[in-house]
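Okay, so here's the structure we're looking at.
The values are calculated or read from the model by the stated rules, or taken from the named source; none is laboratory data. All values derive from a computational prediction rather than experimental measurement. Positions of Cβ are generated from backbone atoms using ideal geometry, with glycine treated the same way; all protein chains shown enter the neighbour counts.
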C-alpha cells in the first residue's frame with residue numbers, strides 16, 4: 001500500500017517538530033550562555049564604562065554612557081592594538097600549518113604496526129590533557145638561558161645559549177614551539193582515527209595500479225583523510241587566535257618590549273588592568289569577526305576540496 005504524499009509530508013513536519021522540542025532545552029542553554037554574552041559584548045563596545053561616576057549627586061557604580069564607534073576608532077589609533085593584531089597573525093600563520101604537517105607525519109608513524117603503539121599514542125596525547133599552567137611552568141624551566149634543557153641540547157650542535165624569555169626576537173618562537181608540541185599529539189590522534197577508518201580495499205586497488213608506499217599515501221590516504229584534516233585545521237585556527245595563558249605564565253606579562261602581545265592579551269590588559277571595558281569589548285568584537293570570517297571562508301571555499309568516502 002502506497003502512503004499518500006500529504007501523509008508523508010505531515011509525518012515529516014511532525015518528526016521535525018518533535019526533534020526541535022527535544023533539542024529545545026539545549027538550544028535555550030546555548031542561547032543564554034553563548035548569544036547573550038556576545039550581544040552584551042557588542043553593546044558594551046559602543047559604550048564608555050566608568051567604575052564609579054557621580055550623577056546628580058549620586059555615586060553610580062559601573063556607569064555606562066553611549067559613545068557610538070568611538071571605541072573602535074580608539075583601537076585604530078592604538079599602536080598596541082596594531083602590534084597585537086600583527087603578532088597574532090604571525091603566530092597563527094606559523095603555528096597552524098606547522099602543527100598540522102607534524103600531526104599528519106606523526107599519525108602516519110603511529111598507524112604503522114609498532115610494538116609499543118599504545119604507549120606512543122598515550123605519550124603523544126598526554127601534553128594536550130595536561131593543564132596549561134603546568135606545561136608553561138615546565139617550559140619556563142626548559143627555556144632557561146643557563147640551565148634550560150633546550151639550550152643544553154643546542155650546545156651539542158654548536159649553538160650558543162639563546163635567551164628565550166628575555167630576548168624579543170625569540171618570544172614568538174618560544175610560544176610557537178610550546179604550542180606546537182602541545183597540540184600536535186591531539187591532532188595526530190584525530191588524524192590517526194581517520195586513517196584507521198579508511199577501507200583497505202583502496203590500498204589494494206592502489207597496489208594493483210602500481211602505487212605503493214609514499215605514492216599510495218599521497219593519492220589514497222591524504223584525499224580520504226581530508227574531512228579530518230579540515231576539522232583539525234578549523235579547530236587549530238580558532239584555538240591559535242585565543243593564545244593567552246602560555247604568554248602570561250612564561251613571561252609574566254606581554255613579553256619583553258611587548259613582543260608577546262596578542263589579541264586576547266590585549267583584551268585582558270584593556271579590560272582588567274586598565275579598566276577600559278568598552279575598548280576591550282570592541283577588540284573582542286573585532287577578534288570574533290576575524291575568526292568568524294576565516295571559519296566561514298574555510299567552510300564555504302576550502303571544504304569544496306574535502307572528499308568524503310562513500
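Points worth noting:
- Where helices (runs of 4 or more DSSP H) fall entirely within segment 141-254, those with at least 3 residues that are under 20 Å from the mean Cα position of the chain (by Cα) are at 171-196, 226-241, 245-251.
- Residue count for segment 105-114, restricted to those that are farther than 10 Å from residue 185 by Cα and surrounded by 15 or more Cβ atoms within 10 Å (Cβ to Cβ): 3
- Counted residues, segment 82-96 - those being exposed (fewer than 14 other Cβ atoms within 10 Å of the Cβ) and free of Cβ contacts under 8 Å to residues at least 12 places away in the same chain: 3
- Residue in segment 275-285 that is out of contact with any helix residue (DSSP H, G or I) (no Cβ under 6 Å at 6 or more places or on another chain), under 29 Å from residue 44 (Cα atoms), surrounded by fewer than 16 Cβ atoms within 10 Å (Cβ to Cβ) and modelled with pLDDT under 90 present: yes
- Residue 136 vs. criteria touching a residue at least 12 places away in the same chain (Cβ under 8 Å) and either at positive phi or assigned by TED's automatic domain parsing to the domain that holds residue 172 (or both): yes
- Residue among 231, 241 that alone is in the same structural domain as residue 134 (by TED's automatic domain parsing) and crowded, with 18+ Cβ neighbours inside 10 Å: 241
- Meets criteria (surrounded by 15 or more Cβ atoms within 10 Å (Cβ to Cβ) and either more than 28 Å from residue 172 (Cα to Cα) or touching a strand residue (DSSP E or B) at 6+ places or on another chain (Cβ under 9 Å) (or both)) for residue 99: no
- Applying the set (1) touching a strand residue (DSSP E or B) at 6+ places or on another chain (Cβ under 7 Å); (2) within 30 Å of residue 259 (Cβ to Cβ); (3) surrounded by fewer than 16 Cβ atoms within 10 Å (Cβ to Cβ) to residue 59 leaves exactly one unmet item: (2).
- Matching option when the condition is closer than 22 Å to residue 275 by Cβ and at pLDDT below 80, among 44, 23, 51, 27: 51
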